[in-house]
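Beneath this line is the structure, given in structure tokens, with notes to follow.
The values are calculated or read from the model by the stated rules, or taken from the named source; none is laboratory data. Keep in mind that what you see is a predicted model, and the values were worked out from it rather than measured. For neighbour counting, all protein chains shown are included, and Cβ atoms are generated from backbone atoms with ideal geometry for every residue, glycine included. Remember, those area values only see protein heavy atoms, side chains included, never the ligands or the DNA or RNA. Shrake-Rupley method; radii C 1.70, N 1.55, O 1.52, S 1.80 Å.
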Amino acid sequence: MNEGGAALTDVDTTKRPDGDPADPAGPAVRTDPDAPADPAARRREQRGWYFYDFACSVYSTSVITVFLGPYLTSVAKAAADADGFVHPLGIPVRAGSLFAYAVSASIVVAVLVMPLVGAAADRTGRKKPLLAASAYLGATATAGMFFLEGERYLLGAFLLIVANASLSVSMALYNAYLPQIAGPDERDTVSSRGWAFGYTSGALVLVLNLVLYSGHDSFGLTEGMAVRICLSSAGLWWGAFSLIPLRRLRDRRIARAAGSDADGSGAAGTGAGAMGGGWRQLVSTLRDMRRHPLTLAFLIAYLIYNDGVQTVISQASVFGSEELGLDQTTLITAVLLVQVLAVAGALGMGRLARVYGAKRTILGSLVVWTAILVAGYSLPAEAPAYFYCLAAAIGLVMGGSQALSRSLFSHLVPRGKEAEYFSAYEMSDRGLSWLGPLVFGLAYQLTGSYRDAIISLVIFFGVGSVLLARVPVRRAVEAAGNPVPARI
């Protein structure tokens, strides 16, 4: 419960490694009593919920991780001047930095929009129309990437910003459905199944992409046309399978806490009061965290090293294609390898945490992440076998490091403040995750070397490790008023 007596909507805290944002909405009361009493109706709604992960994960895997980075970079290079620079809005930008800058800008846009949409959804109880709007805006922008050719780098950057920001907003709304469709004891299972649906669709579509791309000549397609079809088909997939959750999920009437209209955030709170509610709640929660400095210290450490994780994931394909000279077939199969090993790695690191504790296991994973960057810096060009080894290492630590970070944070949250603290956790995560791509882009801008850009990310893992090592997690758990696990 928040200090005003109104409870926050619970959010899913077990999402995918790429870290999707939770609903940063304002002070609506808990909606657990609205979960369908009929088990069959509840399961039907849960199955519909899974399919949004199935729908949108293809964008994250095929567009962001594999195809768009190298392709947009090639389009920007075609439009560049003799010095290798393009000039969006008159600003000189090295063509190889454009993708990283666009990813960074999309996250800034998402962070600005998420609290506004979340507050409106939480106060009206009408999440589904907003979910539909953000999902189809993102799907349309992704499908529009079919027209990205020639020197249209500005179109590509614009579509990337719109699609990426729309995905973040839609995931905030999607997460907010979890407490409405599942009781407290089944949320871990329901959330994990959604995660599994997402990995399944990502791997399935990547296999189809691999067939189309590697055999584009036999299909009578140019390489560029094959890439554009892969990009746009992700948008069509996203839009088509979004129909299932939009048909099965239902909105609920949101009860009001007494006095909730005092600040203009009541039933009519879809104006300025509602728009500001998400930001006000986030600020209020961050102020409350000052009473729990050890929890805040862990959160800061997580935000820093997780920014490094997210940047490695989003920029790996650009590094592989531009610096190492690897073809798209190699990149696709490497990402498939990551998809498969991420599940095994998360399970394996979970077992290690039961023996050595979550904090030590996370610190060990950060050492591996640092080693991955050092190995990437010295990786020989045109050597797919070494790149596959690097992909295998990423897969083994990617899921586990984030999953354990989330579970460790859950022990540091004061009882009764779970929803608001996790809202701050997810919002703050998205709020800082623009910094890694910006550093990567600036490093390439200044040096012209992707090797220098990739090694620059070591600072995120180094600083994050030092800050995490300084957090006395047992004392932090006790200070939050929670029982201390045998291994932490």
Coarse-grained scattering of the range 315-421 at q = 0.15, 0.21 Å⁻¹, given as base-10 log I(q)/I(0) from a Debye sum over alpha-carbon atoms: -0.68, -1.03
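Going by average Cβ density within 10 Å per residue, which order do the peptides 320-326, 351-357 take, highest to lowest? Can you show the working numbers first?
Working: 320-326: 20.3, 351-357: 15.0.
The most tightly packed comes first, giving 320-326, 351-357.
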Compute the FRET efficiency between Ser214 and Arg351 as 1/(1 + (r/R0)^6), taking r as their Cβ-Cβ distance and R0 = 60 Å, and round to the nearest 0.05. 0.95
Under a point spin-label approximation (7 Å from Cα along Cα-to-Cβ), what is the Val108-Ala82 distance to one decimal in nm? 3.2 nm
Inter-label distance for Ala240 and Val368, nm, one decimal - labels placed 7 Å from Cα along Cα-to-Cβ: 3.6 nm
Just to confirm a number: summing +1 for Lys and Arg and -1 for Asp and Glu over residues other than Leu468 whose beta-carbon lies under 12 angstrom from that of Leu468, what do you get? +3
Kindly state, to the nearest 0.05, the FRET efficiency for Asp452 paired with Thr329, given R0 = 25 Å and r defined as their beta-carbon distance. 0.40
Nitroxide proxy distance, nm - points 7 Å out along Cα→Cβ at Phe158 and Ala132: 2.7 nm
How much solvent-accessible surface does Arg451 expose, in Å² to the nearest 10, with a 1.4 Å probe and all protein chains in place? 50 Å²
Counting only protein heavy atoms and rolling a 1.4 Å probe, one gets per residue an accessible area for the range 292-340 in Å² of 24 Å²
Where Lys and Arg each count +1 and Asp and Glu each count -1, what net charge lies around Ala381 among other residues with Cβ under 13 Å from its Cβ? -3
Where does the range 431-488 land on Rg/Rh, using Cα atoms and the Kirkwood Rh? 1.25
